[in-house]
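Below: the structure, in structure tokens.
The values are calculated or read from the model by the stated rules, or taken from the named source; none is laboratory data. Remember, it's a predicted structure, so these values are computed and weren't measured experimentally. Glycine also receives a Cβ, built like all others from the backbone with ideal geometry; neighbour counts cover every protein chain displayed. Heavy atoms of the whole protein, side chains included, go into the accessibility calculation; ligands, DNA and RNA do not. Shrake-Rupley method; radii C 1.70, N 1.55, O 1.52, S 1.80 Å.
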Amino acid sequence: MKKAEPKHKRLISFTVNGDDIEVEISASDRLIDVLRNKLRLTGTKEGCGIGECGACTVLMDGAPVNSCLVPAFQAEGSVIETVEGLDASGKLHPLQEAFVEHTAIQCGYCTPGMLMSALALLREHPEPTREEITRAISGNLCRCTGYHQIIAAIEDASAKMKTTE
Amino acid sequence: MTLRFIRPETVREAMEVLHEHKDNSKIVAGATDVMVQRRSEKPVEEKPLLLVDITGISELSYVNFQNGIVRIGAMITHRDIARSAVIHDVAPFFADACLSVGSPQIRTRGTIGGNIVNASPAADSLPPLTALSARLRLISRRGSRDVALCDFFKGPYKTIIEPDEILKEVYFRAPEPSSRCAFLKLGRRESLAIARLSVAALIDVDDSGKISKAAIAPGACLPMPARIAPAEEALVGKIPDEEVVNSASQEVGEEMVRVSGVRWSTEYKKPVACALTKRAIWKALGVDVD
């Protein structure tokens with residue numbers, strides 16, 4: 001049995017938006033620090049830093065997490081998806097298009113996290129009810145829109161994604 | 001300050017690490033509490049610390065239901081419990097409580113083991129587990145021991161767990177199929193709200209319509225989880241009507257003041273504790289009340 005040794009710094013590998021990456025992290029790094037400062041994926045925003053606002057939401061193995069609360073070492077071997085992955089094909093994702101069309105963005109700070117929570121929802125429930133939508137984005141605070149435009153955008157994206165299938 | 005981490009892959013390995021570093025290690029699971037606590041710590045006061053990340057230990061991730069006993073591995077998340085068919089079947093109020101934790105993001109990471117060991121008086125999973133008379137299994141290189149959930153806590157955020165011990169699982173006997181349960185939580189908002197008050201009620205009614213068993217466990221109003229015996233005694237043997245349920249509910253408010261004393265919030269919390277208990281009992285009995 002190989003015995004793990006305590007480490008201060010370590011090279012870890014994981015997948016970000018489909019790319020295998022290797023990065024040196026220290027014990028105190030958070031996932032959001034690695035994404036923003038080391039990988040320069042600054043689409044993910046830090047709001048409160050204590051898991052209350054959801055601005056830093058990314059998907060970890062398909063489920064939404066607050067990247068400010070995930071120690072970087074826990075990302076090892078995981079599949080991480082950030083907002084940068086949504087338009088990787090060069091074209092906006094239907095969710096992004098719907099957010100623009102419905103003016104679901106005002107200051108825009110919550111948008112990356114909101115999109116990732118919505119993405120996780122639509123993958124699991126392609127035709128969510130309004131209640132499922134509000135529950136799915138309940139961990140994402142938006143201080144501008146009042147949420148109605150965001151919910152409408154997610155409903156619209158769901159419908160569009162269904163017709164394009 | 002030297003912060004290091006280690007990610008054992010087996011329980012045995014984790015126990016060795018904790019044994020060797022028991023003076024300066026801290027177990028990390030979902031990290032949703034640890035990361036917030038670390039942020040508020042003053043760096044100058046920090047000693048060398050080893051974070052022992054146990055999320056990679058797959059043998060701590062299970063929900064078993066055998067011989068009437070439900071066993072939940074410590075690394076099971078709130079999301080897992082909220083989606084578990086077994087838990088929905090045998091103790092739906094426990095699934096409800098886990099679904100009320102934080103946000104989808106928090107529930108993805110936060111574990112049942114972490115929620116128990118963090119020992120917040122407002123922890124959402126604790127009232128239903130208390131009502132279920134859950135027990136815990138703690139393991140270390142020295143051996144294992146089982147303790148009743150209620151005996152695990154010494155006070156707010158304080159437990160009897162030793163520095164070299166790991167919480168392996170929480171387990172409870174599945175309630176009788178005839179029993180009914182409910183969990184209600186009152187927060188300052190719908191999501192991302194720490195409970196101001198919560199109540200778990202587990203009630204069984206016999207063929208004659210009398211309450212044969214009752215377990216009432218409030219949250220966020222006592223220093224540590226407990227069942228309220230006077231409230232349960234007010235219910236057992238009675239046919240539930242408004243007077244019976246009201247008097248049982250009153251006992252929860254009285255007990256809160258007896259144990260926690262009169263505080264700035266008592267004027268609000270006492271009547272609310274009574275009202276929330278009343279609603280939880282009626283909800284468990286299948287009666288809708290506002």
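Some observations on this one:
- Whole-percent carbon and sulfur share, accessible surface of the stretch B:3-53, 1.4 Å: 49 percent
- Exceedance of the 28 Å cut-off in Cα-Cα distance is limited, within the set A:Lys45/B:Lys47; B:Lys168/B:Lys283; B:Lys158/B:Lys185; B:Lys185/B:Lys238; A:Lys91/A:Lys162, to A:Lys45/B:Lys47; B:Lys168/B:Lys283.
- Interface between chains A and B: roughly 3100 Å² of accessible area buried, both sides summed (probe 1.4 Å, protein heavy atoms only).
- Within chain B, DSSP assigns beta bridges of which about 85% are antiparallel (rounded to the nearest 5).
- Taking every protein chain into account, the accessible area of chain B amounts to 45 square angstrom per residue (probe 1.4 Å).
- Probe 1.4 Å, accessible area per residue of the stretch A:9-85, Å²: 35 Å²
- In this structure the amide hydrogen of A:Val16, modeled in the peptide plane, comes within under 5 Å of the amide hydrogens of A:Ile21, A:Ile80, none closer than 5 places in sequence on its chain.
- Averaged over peptide A:129-140, the number of partner chain Cβ atoms lying within 10 Å of each residue's Cβ comes to 3.
- Rounded, prolate or oblate (a/c below 1.5 giving rounded, otherwise prolate when a/b exceeds b/c) for the stretch B:134-290 by Cα gyration tensor: oblate
- Sparse-neighbourhood loop sites, trypsin sites (Lys or Arg not before Pro) in the stretch A:60-157 - DSSP loop, at most 12 other Cβ within 10 angstrom: A:Lys91, A:Arg143
- Difference of contour (0.36 nm per residue) and Cα-Cα distance, B:Val257 to B:Ser133: 42.3 nm
- In degrees, nearest ten, helix B:11-20 long axis to first principal axis of chain B (Cα): 70 degrees
- Calculated FRET efficiency for the pair B:Trp264/A:His148, C-beta based, R₀ 41 Å, to 0.05: 0.65
- Look at the stretch B:2-12: the mean tally of other chain Cβ atoms within 10 Å of its residues' Cβ atoms is 5.
- Computed on protein heavy atoms with a 1.4 Å probe, the accessible areas place B:Trp282, B:Trp264 in the order B:Trp264, B:Trp282, largest first.
- The distance from the alpha carbon centre of the stretch B:31-93 to that of the stretch A:11-65 is 21 Å, rounded to a whole number.
- Principal-axis tilt of helix B:242-260 within chain B, Cα atoms, nearest 10 degrees: 40 degrees
- Across peptide A:51-57, the average count of Cβ atoms from other chains found within 10 Å of a residue's Cβ is 5.
- Modelled spin-label separation between A:Glu131 and B:Tyr62, with each label point placed 7 Å from Cα along the Cα-to-Cβ direction: 3.5 nm.
- Carbon-plus-sulfur accessible fraction, the stretch A:9-85 (probe radius 1.4 Å, protein heavy atoms only): 42%.
- Counted residue by residue at 0.36 nm each, then reduced by the alpha carbon distance between them, the extension gain from B:Thr10 to B:Lys26 reaches 4.1 nm.
- Amide H contacts under 5 Å for A:Ser138, placed H, 5+ residues apart: none
- Antiparallel content of DSSP bridges confined to the stretch A:9-85, in %, to 5: 90 percent
- Were the residues from B:Tyr157 through B:Lys210 laid out at 0.36 nm apart, the gain over their Cα-Cα distance would be 15.3 nm.
- Given R0 = 25 Å, the distance between the Cβ atoms of A:Ile21 and A:Cys107 translates into a calculated FRET efficiency of 0.25.
- Rounded, prolate or oblate (a/c below 1.5 giving rounded, otherwise prolate when a/b exceeds b/c) for the stretch B:1-135 by Cα gyration tensor: prolate
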